[in-house]
Structures are given as structure tokens and as C-alpha cells.
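Here is the structure we will look at.
The values are calculated or read from the model by the stated rules, or taken from the named source; none is laboratory data. Everything numeric here is computed off the predicted structure, so don't read it as measured data. Quick reminder, even Gly has a Cβ in these numbers, built from the backbone with ideal geometry, and neighbours come from all protein chains shown.
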Amino acid sequence: MVLGRNRRRLTLVLTGLVTVALVAAGAVTVSRLVSDDRSTPTARATNPSPQPSPNPSTPPPGADITGPLNLLLVGVDTRVSVPDWEPHADAVLMLHLPAGLSRAYLFSLPRDLVVDIPASEPAGYPGGRTKLTHAMSYGSRVAGESKPDPAQGYELLRRTVSDYTKLPIDAGAVLTFGGFDTLVDKLGGVNIRVDQRVVSRHRQPDGKHREPGPGVGGYVGPQMVYEPGEAHLNGWQALDYARQRYLPGGDYARQRHHQQLIRALIEKILDEDLARQPERVEQVVRALDDTLLYVGGRRIVDFAYALGGLSPQALTLIGLPGASVGRGNAYRGEELTTIGRRFLTELRAGEVDTFLAERPELIVPA
């Protein structure tokens, strides 16, 4: 039935969106889909495989979700091998869908964006003005515990992002190291247009990790290079490509590459009509079984059905311009320019298409 095919297809699309977000941190072992409804206990997605279609005489799941809708996607660097390391939000992306859910806009907030982080009583954090990335780490602290709580950290990050953008967050994902490369490989790789020469700091041409070298964060050995042009990337290549930020454009270029990979993954899922191959869908979902936890008042399939009318062509990638706050030893972080802040204003007002027609340079090429 059509509803059944859509359900399988959209579950994959949503899973892909959530998973690719983690490339910002270069990560994926633990993920949480978090809803603003904090009253519902955490539940493991024990049976994420496609289910039979609902009775066509009853409304499909998520039929009441009509938008606007805002999803917060967070890539987290855990570095679990480092003692006392706290999770940092290395990538913060928002997916905004206006009422009707037929269009979507994906944009990133700089990890070093200077923001006001509200107080968090559970974490014992008094609040302060600092980099956005720290909201996750400060919020993850648990009194008397050495192990951080990423869900608690997400909640403080969610409040911080919502306060800054003045957009309500309907759901979100926190993702860390693990299965992103597996997901891409299960899908047979992704096609992407490499828009600038990218030299990897982390991988050799054969995919092996480079050895640690002298200096802070230094490595030695041959380097993988991604040359401009059309490329087919396997799992480790996609993850590695998206991690690189020591290149012209810095972290803003990395944000752009995250978004391009999200589009590439969605196009892969839809163009090959993987939803018509239930065994492939189940294979992919099983590969992510240990990486997906669901929290909140709405099921993931509700959002999947709600996104039914969305196509890759309806997804617009946005690059928000920013600038440094301070320089050298006085560097404090990043801030959005007047144009970047105006984008958020127009998004809230429902006038973003008119604004983008005036500022086409903000649209990131696929």
C-alpha cells in the first residue's frame, strides 16, 4: 500500500537526517531523539523495523503535525578516552519546515557562537555568556557523578538555541561516534560534489588513521585528499570529509559540507527508492539499532509521516555568514552578521523566501 511504502521511506529519511547531523562532530555511537515533552520516560527503540500499514480509514500517525516544525540536530564530540572529558556540541544544525511541511530549510549555528546560556539547576550551572558548544558540556554535568548525561546537556543546549533563534524546538537528536560510516556503507555510499580541495588531518589514503604527531592535535603520515569535482564517497570517506575544518573557510566551510552530505544522503534514499526494498530498510535500521534511543511524547514514525511531502529538491541549504568576536588572544568566539541575524527574523515572520530572493548568496549549492 502507498502508506506502507511512504512509512518505510520516511523512516529512513528521518533516520538519515538525524544520523548525518553527527558528522559535524565526526560521530555516531549514541543518539537520542529528544522531544520537548520531558514528562515521558526514555524508551529504547526496541522494534524500529517497518510495521504494517494502518487501517486506511483511520488517520495516519502524525496527521496532526502540520507545522511549522523545528528540529535541532546536534553532533557531539565525546572523546570518551580522555579522562573527565565532557561532551561538546561540535555541530548545531536546525531544520525548519513552514506550515504545510512541503519545504524545509537547513542551517547551522557556529559551534563558537557567543550566546547567553541560561542557568541549569540539575547541572549546577549558574548561566553565563560564552560559546554555544559549552551549553552541551555544562548542561551534561551531574552532581556527584563522573559520567555526563548527554540528554540533560541537550536540554540546556535546546533552551540556549531556542532563546537565541526565538524558535521553539519541537524535537532533536544528539549523536556521537560510531555508526555513521556503517550507515553510508549500507546505502552503498553517497555521491557529492566536492567544492574545494580538502586535505584530511585524520586519515591516510587507504583509510587508516594517521599516527599522532608533535604539537597539540598533530598527526604524521600520508594524507587523504579530496579533490574538487564529483565524487562517490564510502562511509569512512564521508565521515572524514565532513570532519575537516582546517581549510579555507574554516568551520563555516565544514558547516557547508555537513549540509551537502545531508542532502546527498536523502537523495540516495529517495532516488534509489529504497523504501520499495524492505530488506534493505530493515538492514539499515538494524545497523543503527544500538545507536538510536527515543525520548518524548511523539513517536519517530509520527514525524516520519509528517515529512511525507518533503523531497530533496524542497530542502534548501543555508549558509549563515558570521564574523569573529575579538582576535588573537582576545578571541571570544563568533557572531552572526546582520544578514545572518536577519535570516532568522524573516524565518520567524514567514518571509524567508522573499528574503532569500534578495540574498541568493546565502543558499548553499547542493
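Each row is one residue, and each column tells you yes or no for (1) within 30 Å of Gly62 (Cβ to Cβ); (2) among the polar types (S, T, N, Q); (3) in a loop (DSSP other than H, G, I, E, B).
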{"position": "Ala143", "(1), (2), (3)": "no, no, yes"}
{"position": "Lys147", "(1), (2), (3)": "no, no, yes"}
{"position": "Gln152", "(1), (2), (3)": "yes, yes, no"}
{"position": "Arg158", "(1), (2), (3)": "yes, no, no"}
{"position": "Asp163", "(1), (2), (3)": "yes, no, no"}
{"position": "Val184", "(1), (2), (3)": "yes, no, no"}
{"position": "Gln196", "(1), (2), (3)": "no, yes, yes"}
{"position": "Gly207", "(1), (2), (3)": "no, no, yes"}
{"position": "Gln223", "(1), (2), (3)": "no, yes, yes"}
Notebook entry, point to check: For segment 294-319, which residues satisfy the criterion of being buried (at least 18 other Cβ atoms within 10 Å of the Cβ) and at pLDDT 75 or above?
Noted result: Leu315, Thr316, Leu317, Ile318, Gly319
Check: So Ser108 clears everything in (1) assigned to a strand (DSSP E or B); (2) over 24 Å from Thr345 (Cα atoms) except one condition, right? Which one?
Finding: (2)
Next item on the list: Name, by its number, the condition in (1) at pLDDT 90 or above; (2) over 17 Å from Asn70 (Cβ atoms); (3) not small (Gly, Ala, Ser) that does not hold for Arg276.
Entry: (1)
Item checked: Members of segment 203-231 found to be of a type outside the set (A, V, I, L, M, F, W, C) and touching a helix residue (DSSP H, G or I) at 6+ places or on another chain (Cβ under 7 Å), listed by number -> Arg203, Gly207, Tyr226
Check: Out of all the residues in segment 115-122, is one or more surrounded by fewer than 17 Cβ atoms within 10 Å (Cβ to Cβ), acidic (Asp, Glu) and part of a strand (DSSP E or B)?
Finding: yes
Check: What single numbered condition from (1) at pLDDT below 90; (2) buried (at least 16 other Cβ atoms within 10 Å of the Cβ); (3) more than 23 Å from Gly124 (Cβ to Cβ) fails to hold for Pro148?
Finding: (3)
Check: Is it fair to say Val194 is hydrophobic (A, V, I, L, M, F, W, C), within 23 Å of Gly333 (Cα to Cα) and touching a strand residue (DSSP E or B) at 6+ places or on another chain (Cβ under 7 Å)?
Finding: no
Next item on the list: State which residue pairs qualify: first residue in contact (Cβ under 8 Å) with a residue 12 or more places away in the chain and inside segment 114-134, second residue loosely packed, with under 13 Cβ neighbours inside 10 Å and not in a strand (DSSP E or B) in any location, beta carbons under 7 Å apart, and separation of 6 or more residues or different chains.
Entry: Gly124/Ala143
Notebook entry, point to check: Picking from Ala231, Ala173, Ala238, which residue would you name as being among the aliphatic types (A, V, I, L, M), part of a strand (DSSP E or B) and surrounded by 19 or more Cβ atoms within 10 Å (Cβ to Cβ)?
Noted result: Ala173
Note to self: Let me spell it out: the conditions are (1) surrounded by fewer than 20 Cβ atoms within 10 Å (Cβ to Cβ); (2) within 23 Å of Leu265 (Cβ to Cβ), and Arg129 meets all of them except one. Which number is the exception?
What the structure shows: (2)
Margin query: List the residue pairs whose Cβ atoms are under 7 Å apart, where the first residue sits in segment 144-160 and is acidic (Asp, Glu), the second is crowded, with 22+ Cβ neighbours inside 10 Å and in a helix (DSSP H, G or I), and the two are 6 or more positions apart or on different chains.
Written below: Glu155/Gly139
